[in-house]
Every structure is written in C-alpha cells, then in structure tokens.
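The values are calculated or read from the model by the stated rules, or taken from the named source; none is laboratory data. Small disclaimer: the values here were computed from a predicted structure and weren't measured. Quick reminder, even Gly has a Cβ in these numbers, built from the backbone with ideal geometry, and neighbours come from all protein chains shown. Surface areas here come from the heavy atoms of the whole protein model, side chains and all, with no ligands, DNA or RNA. Shrake-Rupley method; radii C 1.70, N 1.55, O 1.52, S 1.80 Å.
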Amino acid sequence: MKAILALEDGSIFQGQGFGAPASASGEVCFNTSMTGYQEILTDPSYKGQIVTMTYPLIGNYGVNELDVESWRPHASGFVIRELSPVVSNWRAEHTLASYLEKNGIPGIQGVDTRALTKKLRVRGALNGFISTEDISEAEAVKRAKEFVFLGVDYVKEVTHKEAFHWDEKDEQSGAFDLVRGSEKTDARNNRKPLPAADIPIVAFDYGMKYNILRRLRQHGFATQVLPATASAQDALKYKPAGIFLSNGPGDPAALDYIVREVKALADTGIPIFGICLGHQILGQAFGGKTFKLKFGHRGGNQPVKDLASGKVEITSQNHGFAVDPKSLPKEVSVDRINLNDQTVEGMRHKTKPIFCVQYHPEASPGPHDSTPLFAEFRSLIEKKA
C-alpha cells in the first residue's frame with residue numbers, strides 16, 4: 001500500500017506503507033540507534049511523536065513479547081528507509097509489520113531518512129502527519145499544520161491508571177542469561193538470580209519504561225509504582241525509603257500538578273532519584289525552568305561528562321526538552337553536561353539527598369555505562385538510614 005509523510009512546512013515524503021491501515025499526527029523526530037526499534041516503539045516517552053530511524057535497515061530480528069518497555073507501543077507512526085523482508089532471530093514472535101498492524105500504528109518505508117533527518121536538524125523539530133490510507137497531499141499537510149505538541153499533557157495518557165507492586169514473584173526482573181551446554185530450561189526466559197528486595201521505594205510512573213523497574217529490582221529495591229496523578233501523601237503512606245521519578249512524554253512545563261507534589265516530597269528529606277522527565281520535574285520543583293531543544297537527543301550515542309570525576313559516559317537518551325541552568329537556585333549544582341551542546345545532563349541538590357540525570361541509565365536499547373547510578377541511589381538511601 002502507498003503511504004505519505006507530510007510536514008508542517010509543506011514537505012512531502014512518499015513511500016510504501018506497512019503496519020496498520022491508519023493515519024496519525026505527531027511531532028516528527030529521529031533516533032540514531034542502530035538496534036532496539038522494539039524498545040523505542042514501546043517507550044512511552046514517544047507518545048505524540050512520529051519516529052524516524054536513521055539506521056537504514058529495520059525489522060530484521062522481528063519483535064518478541066519479553067522485550068517490550070510498556071503495556072503497548074506509544075509512537076504515533078514509524079518512518080524507515082527499508083523494512084527487512086526476512087525476520088531472523090530465535091526469540092522473534094512477530095514481524096515488525098504485523099506488530100504495528102496489531103497495535104494500529106502506521107509505518108512508511110522507502111523514505112530518504114537522511115534527507116528527512118537533515119531537515120529536522122536544520123529546521124528543528126516539525127509537526128507531521130503520516131498515513132497509509134488514501135489521503136491527498138494537501139490534506140496531509142493541513143493535518144500536519146493543525147497538530148499541537150507544545151503544552152499538551154501526554155503523561156496522563158501513558159501512565160498506569162492503578163498502583164501496583166512490581167514483580168512480586170521475581171519472574172520478570174532477572175537479567176537474561178544464555179542457556180549453555182545441555183541445560184534443560186526455557187531458553188527464551190532463562191534469567192540470573194536476584195538479590196533480596198530489602199529497600200522499599202515508591203516510583204512515580206510518568207510513562208515509565210519497564211527496564212527501569214527491572215534495574216531497580218536487580219539492585220534490591222522493592223518498588224511500589226504509583227500513577228502520575230498520585231499525591232505526595234499517597235506516596236508517604238507506603239513509608240518508602242526512597243522516591244523514584246520516571247521518564248515520560250511531552251512538555252514538562254504542562255505538568256504543574258506533578259511539580260507541586262514533587263516539591264512537597266523534596267521537603268521531606270527522603271532520598272529522590274529522577275531520570276529524563278523526572279529530571280525536568282525536579283528542575284522545576286527546585287525553582288528552575290525548562291526549554292525546548294531544537295531537535296532533541298534521541299539515540300544510544302550521546303556523550304555526557306561527569307564534571308566531578310571528569311569521566312565521560314556514552315548514554316542512551318530520548319528527550320526534546322532541557323533544564324535551563326541559569327534558572328536554577330544556588331542550592332542546586334549541575335554535575336553533568338552533554339558534550340555535544342553543553343546542555344544540562346545531571347543535577348544534585350547541595351543540602352538534600354536528591355539527584356537526577358537527563359538520560360536513561362537503564363538503557364534498553366543503548367550502552368550500559370550509566371547502570372551504576374542505580375547503585376548510587378541505593379547507597380544514598382543506606383547513608384540516610
């Protein structure tokens with residue numbers, strides 16, 4: 001089937017459709033990861049966005065039900081250069097095309113993704129419209145222009161509606177282990193043993209990736225997950241030793257109700273760790289402001305410098321907004337920066353047990369340089385106790 005991608009500036013990209021016979025509007029962005037399309041599609045931070053992959057061949061290892069990062073895919077549409085005609089992986093349960101079709105998401109292949117990415121880097125992020133249905137170019141451009149991304153609260157659309165305790169039976173969090181020799185076990189789901197879950201924490205779900213919860217459990221946290229709309233008092237009822245603030249989609253400036261509750265939690269003295277949107281929420285709770293980046297950071301190759309140690313981490317990132325360092329009070333220090341554009345990548349409160357990073361230490365997909373941050377969170381809680 002034919003497909004079309006239109007941008008608000010009037011640009012048109014024609015291609016072949018795959019996935020669902022559907023149409024969708026969204027902010028068009030690009031991701032530079034070479035693998036991990038399944039994790040990207042199911043990352044709730046992509047709510048309201050049409051994702052373009054810069055790597056040319058996508059879909060070659062299929063999709064499986066174990067590596068999802070949320071309860072469903074959240075990207076509005078998917079743009080690639082070439083869809084692999086062959087799926088070759090022993091863990092695959094679906095093709096990429098059938099997975100998108102099952103979840104009502106349109107995809108387009110045959111697009112010059114280099115030209116599209118260059119346009120987004122030069123012009124900045126643009127709203128777009130993708131369709132695998134019979135829609136004219138004029139109508140597609142019109143729909144792209146009508147879409148609104150700034151100021152919209154997407155968090156309420158992706159958060160789990162009810163509170164739950166993560167992996168009470170320890171069946172989902174162990175790191176995968178390869179089957180060796182003549183071991184008789186489920187090769188698709190062979191996991192390493194977990195430590196005792198001896199530190200109770202509350203995690204606010206603003207659009208949380210499941211691998212964050214897996215990493216927290218691997219570091220000995222017993223995690224109670226609360227919806228984004230939960231209050232500080234709701235969290236304190238669980239008597240947590242720590243508070244975790246997750247990633248999530250959209251404009252952080254549209255989330256005053258969340259900032260208010262996090263500010264209340266920051267005044268309790270309970271250790272807090274935030275990532276991505278959680279980092280931006282903390283920036284606002286500290287009294288700072290956020291701003292929109294020209295085209296965002298999305299991919300698994302972003303260099304971040306730890307200003308205290310001088311070390312550089314290669315990080316996995318997915319965000320289109322950043323904290324303005326000039327707006328932060330003197331009680332907050334910027335301890336990590338992005339080496340590509342010098343934006344804020346980490347903050348730490350000087351007198352309270354609170355720290356946060358703009359990137360994804362749980363990766364999935366991406367490098368594991370930043371995994372020790374979960375151990376740092378545990379250490380912070382143990383010192384406080």
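Among DSSP beta bridges lying fully in the range 176-237, give the percent that are antiparallel, nearest 5.
Restricted to the range 176-237, the bridges split so that about 10 percent are antiparallel.
Would you please give the residues with an amide H less than 5 Å from that of Asp205, counting only those at least 5 places away or on a separate chain, with H modeled from the backbone geometry?
It is Leu226, Ala228, by chain and number.
So what is the relative contact order of the range 73-201, in percent, for Cα pairs below 8 Å that sit 6 or more residues apart?
So the answer I get is 18 percent.
Could you report the chain's accessible area per residue, 1.4 Å probe, as an integer in Å²?
Accessible surface, normalised per residue, equals 42 Å².
Evaluate the distance, in nm, between pseudo-label points positioned 7 Å from the Cα of Lys326 and of Val152 along their respective Cα→Cβ axes.
3.0
Based on the Cα coordinates of the chain, what is the per residue volume of their convex hull in Å³?
Given the Cα convex hull of the chain, per-residue volume reads 136 Å³.
Through the Karplus equation 6.51 cos²θ - 1.76 cosθ + 1.60, θ set to phi - 60°, convert the phi angles of the range 133-145 into ³J(HN,Hα) values in whole Hz; use x for Gly and Pro.
In residue order, the calculated couplings are 10, 7, 10, 6, 4, 4, 5, 5, 5, 4, 5, 5, 5 Hz.
Pull up all non-local amide H partners of Leu126: gap of 5 or more, or a different chain, and H-to-H distance under 5 Å with H placed in the peptide plane.
Sorted by chain and number, the residues that satisfy this are Val28.
Projecting each Cα onto the charge dipole of the range 113-231 (Lys/Arg +1, Asp/Glu -1 at the beta carbon, about the Cα centre), which of Val225, Asn127, Thr159 comes out farthest on the positive side?
Among Val225, Asn127, Thr159, the one farthest towards the positive end of the dipole of the range 113-231 is Asn127.
What nm distance separates the two modelled labels at Lys237 and Ser333, each placed 7 Å from Cα along Cα→Cβ?
Roughly 3.8 nm, to one decimal.
Give the aspartates and glutamates whose C-alpha is closer than 13 Å to that of Lys384, dropping any in the same chain fewer than 8 places away, or say none.
Within the straight-line cut-off, Lys384 pairs with Glu376.
Looking only at the chain, where both bridge partners belong to it, what percent of the DSSP beta bridges are antiparallel (to the nearest 5)?
Expressed as a percentage, antiparallel bridges in the chain total about 60.
Any idea what log10 I(q)/I(0) is at q = 0.15 Å⁻¹ for the range 1-90, Debye with uniform C-alpha scatterers and no solvent?
Each listed q corresponds, in turn, to -0.58.
Size of the range 236-304 along its principal axes in angstrom, Cα-based, largest extent first?
So the three principal-axis extents are 39, 24, 18 Å.
Taking 0.36 nm per intervening residue step and subtracting the Cα-Cα distance, what contour gain separates Asp170 from Lys142 on full extension?
5.1 nm is the gain from fully extending Asp170 to Lys142.
Check which residues have an amide H placed less than 5 Å from Arg336's amide H, if you skip close sequence neighbours.
Leu307, Glu345, Gly346
Give me the extension gain from Arg123 to Thr268: residue separation times 0.36 nm, minus the current Cα-Cα distance, reported in nm with one decimal.
Residue separation times 0.36 nm, minus the Cα-Cα distance, leaves 47.8 nm.
Suppose each label sits 7 Å from its Cα in the direction of the beta carbon; what would the Lys192-Asn64 distance come out to in nanometres?
Roughly 1.7 nm, to one decimal.
How high is the relative contact order of the chain, in percent, with contacts defined as C-alpha pairs under 8 Å that are six or more residues apart?
15
In the range 4-158, what % of DSSP beta bridges are antiparallel (nearest 5)?
Looking only at bridges with both residues in the range 4-158, the antiparallel portion is about 60 percent.
So what's the gap between the Cα centers of the range 241-298 and the range 10-62, to the nearest angstrom?
Value for the Cα centre distance between the two parts: 27 Å.
Need the full-extension length gain, Ile314 to Leu57, defined as separation in residues times 0.36 nm minus the C-alpha distance. One decimal, nm.
Value of the extension gain: 90.2 nm.
Across the range 173-230, how large is the tail of the calculated P(r) beyond 14 Å, expressed as a percent of all Cα pairs?
Considering the range 173-230, 62 percent of its Cα-Cα pairs are separated by more than 14 Å.
Round to the nearest 0.05 the FRET efficiency obtained for Arg91 and Gln16 when R0 = 35 Å and r is the Cβ-Cβ distance.
Using R0 = 35 Å, I get an efficiency of 0.85.
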